[in-house]
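Every number in this text was worked out from the coordinates using simple rules, so none of it is lab data. The shown structure was predicted, so the numbers you read here are calculated from the model rather than taken from an experiment. Counting neighbours? That spans all protein chains shown, and the Cβs are built from the backbone with ideal geometry, glycine included.
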Amino acid sequence: MEVDEPRENRMKIVLLFVTIGYSIPCYIFHLLTIYILCAHRFRHRFQYSFYTLFKIQCVLDVCFQVINAVMFRLPYSTLANKLLTDVASIRRGAVPTVGHFLYYYLFYANTFSIALVSSNRIVIMVLPKRVHEGWNRVLPYLLIALFVIPIALTWHIPIGGSFFVESEDAFTPDHNKVFGIRNSQYTFFLHTIIDTFVLIVNLIIIGFIVKNRKKGINWPEIKLFMLTVFNFACQCVRDVFQFLAYSQLCETCYATIFLVHPFMIDAATLLNPWFLLATSMAFRKSVKELLPFKYSGAKRVSVVPTI
């Protein structure tokens, strides 16, 4: 076992640098996506609520990935062992507490964001037009709830405090259990509820598409719906790993779960703008207009009519 530990530590370091390698271009494209969706010159193309929600999700994705790298991936890679061992103020206290709180806050906010995007799809594609108008009226309140509700699920972390504990020759964050509250329980039950809701929404939309396939299909809307299906699939797989990790139902695959789980998080967060590029003609046109060379393709590009 002692012979294998250095090899295992080297593997952790290699995986960290591999993650950095593919994350950097994804971060850049996330920032480019946020710029395009916010820029005044492109506002006429992205004035609908789907893009507002997607823009917020991109911001949450970037923030979550940064916190995840600092709080989990870097300490687990063993590169920060000396720093965490020698500096007590980083190992416990305000630094890990704030980082741990932000991690779970962004984690929950991202989950609610996916639910809102899926709700947007059923409102636009299935429900009557008068529901669209009501959706636009309540959307600001839903966005406020998106950022407020996670506080109700994470308040115990800053009160109890967090710290780094040594595990498998590396460090992982943990927190003092206030009233016995465990984040793993919150995440499991919350994701079970959200995933069930999103599954029902997606099945209703799929049924609507199948039922109306002969009446003419709005392919741009369906393409954007496929983006939400991809998000849902990644979240479901990630939730299965989360459940197995903390329920200890499969102790023999514990190491594999912790090896694969971070990459499932990456798939669920880093790939979203690339799927928007594949599904939205308006977004592709905007990206082309930012390129340093002129695009000589077709002049006429239809704007996705998404509310």
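Could you compute the net charge surrounding Cys26? Neighbours are other residues with a C-beta less than 14 Å from the C-beta of Cys26; K and R count +1, D and E count -1. Numbers along the way, then the final one.
On the way: positive: none; negative: Asp61, Asp266.
Value of the local net charge: -2.
By counting other Cβ atoms within 10 Å of each Cβ, how are Cys63, Cys38 ranked from fewest to most?
Working: Cys63 16, Cys38 13.
Neighbour counts put them in this order, fewest first: Cys38, Cys63.
Around Cys38, under 14 Å between beta carbons, what's the net of Lys plus Arg minus Asp minus Glu among the other residues? It would help to have the intermediate numbers written out before the result.
Details: positive: Arg41, Arg43, Arg45, Lys55; negative: none.
Charge balance near Cys38 sits at +4.
Starting from the Kirkwood Rh over alpha-carbon pairs, what translational D in µm² s⁻¹ does the chain have by Stokes-Einstein at 20 °C and 1.002 mPa s? Could you put the intermediate results ahead of the total?
Values: Rh = 21.3 Å.
The Stokes-Einstein estimate is 101 µm²/s.
On a C-alpha basis, how far is the centre of the range 53-114 from the centre of the range 125-146 in Å? Whole number, if you could?
So the separation of the two Cα centres works out to 32 Å.
Could you compute the FRET efficiency for Ile206 and Tyr186, with r as their C-beta to C-beta distance and R0 at 30 Å, rounded to 0.05? Mind showing how you got there, number by number?
Working: r = 30 Å, r/R0 = 1.00.
The computed FRET efficiency comes out at 0.50.
Go ahead and set up a Gaussian network model of the chain, Cα springs under 10 Å, then flag whichever of Leu146, Leu116, Leu15 fluctuates most.
Per the Cα network of the chain with a 10 Å cutoff, Leu15 tops the list.
Could you tell me the calculated FRET efficiency between Glu166 and Ile28, based on Cβ-Cβ distance and R0 = 35 angstrom, to the nearest 0.05? Kindly include the intermediate steps, with their values, before the conclusion.
Details: r = 34 Å, r/R0 = 0.99.
After rounding to 0.05, the efficiency reads 0.50.
Taking the Cα centre of the chain as origin, work out the dipole magnitude from +1 charges on Lys and Arg Cβ and -1 charges on Asp and Glu Cβ, in debye rounded to 20.
On the way: 29 positive and 17 negative charges, 447 e Å.
The calculation lands at about 2140 debye.
Please give the helix 219-247 orientation as an angle from the longest Cα principal axis of the chain, in degrees from 0 to 90, rounded to the nearest 10.
Tilt of helix 219-247: around 20 degrees.
With labels modelled as points extended 7 Å from the Cα through the Cβ direction, what inter-label distance (nm, one decimal) is found for Arg7 paired with Val260?
The two pseudo-label positions are separated by 2.2 nm.
Please determine, in degrees from 0 to 90 and to the nearest 10, the orientation of helix 281-290 with respect to the longest principal axis defined by the Cα atoms of the chain, where the helix direction is its Cα long axis.
Approximately 70 degrees, to the nearest ten.
Separation between the Lys177 and Ala233 pseudo-spin-labels, each 7 Å from Cα along Cα→Cβ, expressed in nm?
In this crude label model, Lys177 to Ala233 measures out at 3.7 nm.
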